[in-house]
Amino acid sequence: MAELAEKTEAASAKGKVAGTPAVKTVELTKRFGHTVALAGLSMTVPRGEVFGFLGPNGAGKTTAVKLLLGLLKPTSGEGWLLGRPVGDLRTRSHIGYLPELFRYQGWLSAAEVLALHCELAPLPRSSWKDEISSALETVGLTDRAGDKVSTFSKGMQQRLGLGAALVGEPELVFLDEPTSALDPVGRHDVREIIRGLASRGTAVFLNSHLLSEVEQVCDRVAVVDHGRVIASGTMDELLGGTTVRVRAAGLTQADKNRLSSFGRMDDEGDQMTFASLDADRVPELVASIVSMGGRVYEVAPRHQTLEDRFLQLLEDEETD
Amino acid sequence: MPPVFVIARLTVQESSRRRLLLALLILTLVVVGFSAWGFNKITTMTRGDGTPLPPDQVSLITSQLLIVITFMFSGVLALSAAVVAGPLISGEVESGLLLAMLARPVRRSEVVIGKWLGLAALVAVYAAGAGSLELGAVDWATGYLPPHPVELLMFVAAEGLVLLSLGMLLSTRLSGITAGVIALVAWLMAWIAGVVGDIGTGLQNQALQNVGVVSHLLLPSDGLWRGAIYAMEPDTLIAAMRALGTAGRANPFAAVDPPPLEFMAWVAIWFAVVLGASIWSFRRREI
């Protein structure tokens, strides 16, 4: 009876925490001297969601993750992970983290590194063996379990780091540029791992500037630049427009300038790309080019990619 | 196992796996072997008339030579502790090794204390093991054993711990090489300041004496070294130096009195302050 009450209480406690988002920040700000690394980040990442945090180098992505993990102290603002304030020690038992600067004890074997993370997590010793073999298998290092980490290539060390982030079935995993050292096969494996995490309800906070990777696995993304979120939403919300590539000759610069009424255009000589153009306006665009004396060789409308949108957002940001 | 002991174990494991312990063991055996051979030569020395030295003189020469060797041994131990402690925290911060670990439910204070405990255990075990070997070798070679061998080893180990603690405190903020170099220079300056204090005692100059006192308070390594010297000196030598008055006290390789209890209490406080400052500093460090 007492055991049942205990279980009910534990389930209730878990339920309470489970009702909260995986990540929530309110005006999280970090300054290093006069440099603003993160300027008032406010966002919510629901549980079980794969969230892509995008931005160019130096945009503040890693700073945001380090603030959330308590490795940096915010200048102002607040943050919560799994319903508890950032820095709460108990929460960290349910979090996995693969740093951008991944480095593991070279004098330990891969299995020993994972055992160390099981011990620090902390997981019951009886579960270590299964946890370690499962993590090694997931990241494809089973054959190298007993080898010293110092003998590993950079890619293998990143795989090991990913394995360490997965021990203990975390509810939230931070992956900071998780494929920076991986080959295409490794990148594919990581996407599969992320999909696997999502399928078992683990929230994934993916920091990356590899846009195709983010596009393939993320439910929602936020684009950050100069420490500010400049856009966020689901993929559908962000990638609503159509990109139209036109190959045409015989247009003067003045003609091309007149085409700016069709939206932002990347001018590469005979090839022009209209970043966000409604598909219904394509005939109108072609007619305008022809009326200016241009000869149209190719018109290729396609759905906007994350890269198109990302570049457009950054350009808009620069213009502002 | 609590995280603090996991970190301590990891620190010892690293020293072992990186073959630091093996290197120390081999070097120690070589040094002890050579010194045993050298000490044995003292017993075969003769006076001008060809007669062997009397046992009193053998003991006196041995005790003085042992002080010099112990000075070098304690110096090597202190320097090694400073060099190893210099990158103890900063090295792992800079390499990124601590990032994944600190994202676990581990307090920064546990990292600091754990690393200190691991290295302190190594320093203490090495001081006790290598010191006992050396004393055993000297005893075998000359039949001389210092009057207070246990206290001697404790003072030598404590001197190593002082440098370890200083190196680790600096390591929470500075790069490994900077922290190590500052700790080494501080150790040397503390020793020189102790010598200046001795000169002040000999000259009965209060200002110079104060230099020694203040240096002992700031970095108690030299004060502990004096305790080690006192533990090695035969009673007859101490009595002879006391008879010399202030002149007998003006010698950096001699100690007429054991370190006062107040000083030993200050050493305990110093360790607490330095460890506390290390935790405070590392907690505020952004990684």
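What follows draws every value from the coordinates through simple rules; no lab data is involved. From a predicted model like this one, the values you see are computed outputs, not experimental measurements. For neighbour counting, all protein chains shown are included, and Cβ atoms are generated from backbone atoms with ideal geometry for every residue, glycine included.
Roughly speaking, what % of Cα-Cα pairs in chain B are separated by over 26 Å, rounded to a whole number?
48 percent
Computed from Cα positions, the angle between helix A:110-120 and the longest principal axis of chain A comes to roughly 70 degrees.
Computed over the protein assembly as shown, the quotient of the alpha carbon radius of gyration and 2.2 N^0.38 Å is 1.35. When the charge dipole of the protein assembly as shown is built from unit charges on Cβ atoms (+1 for Lys and Arg, -1 for Asp and Glu) and taken about the Cα centre, the candidate among A:VAL36, B:PRO105, B:PHE5 whose Cα reaches farthest toward its positive end is B:PHE5. Residues whose amide H comes within less than 5 Å of that of A:VAL50, counting only those at least five positions distant or on another chain, are A:VAL204, A:ASP219, A:ARG220 (H built at 1.01 Å from N in the peptide plane). Per residue of A:66-72, other chain Cβ atoms within 10 Å of the residue Cβ number 4 on average. With θ taken as phi - 60° and the Karplus curve 6.51 cos²θ - 1.76 cosθ + 1.60 applied, the whole-hertz 3J(HN,Hα) list for the stretch A:26-40 is 10, 6, 5, 10, 9, 10, 10, x, 8, 8, 8, 7, 9, 10, x Hz, x standing for glycine and proline. Compared with the dominant Cα axis of chain B, that is its longest principal axis, helix B:3-17 is turned about 60°. Between B:ALA243 and B:ASP56, the FRET efficiency from the beta-carbon distance, with R0 = 25 Å, is close to 0.90.
How fast does the stretch B:45-163 diffuse by Stokes-Einstein, in µm²/s, taking the Kirkwood radius from C-alpha pairs at 25 °C and 0.890 mPa s?
On the way: Rh = 17.0 Å.
Using the Kirkwood radius from Cα pairs, D works out to 144 µm²/s.
Using the C-alpha atoms of the stretch A:90-216, what convex hull volume per residue, in cubic angstrom, is computed?
Values: hull volume 12.4 nm³, N = 127.
Convex hull of Cα atoms, per residue: 98 Å³.
For the protein assembly as shown, DSSP calls about 70 percent of its internal beta bridges antiparallel. Between B:LEU261 and B:MET1, the modelled labels are 3.9 nm apart [label points 7 Å from Cα along Cα→Cβ]. Take each residue of peptide A:102-113, count the partner chain Cβ atoms within 10 Å of its Cβ, and average: the result is 4. Relative to the dominant Cα principal axis of chain B, helix B:55-85 is inclined by about 10°.
Given a Förster distance of 30 angstrom, what is the FRET efficiency for A:ASP183 paired with A:SER133, based on the Cβ-Cβ distance and rounded to 0.05?
It comes to 0.80.
Rounded to the nearest whole Hz, the Karplus-based 3J(HN,Hα) values (6.51 cos²θ - 1.76 cosθ + 1.60, θ = phi - 60°) of the stretch B:279-287 follow the sequence 5, 4, 5, 5, 4, 8, 6, 8, 10, with x at glycine and proline.
Taking every alpha-carbon pair in the stretch A:13-149 and binning the separations at 10 Å intervals from zero gives 11, 33, 31, 21, 4 percent.
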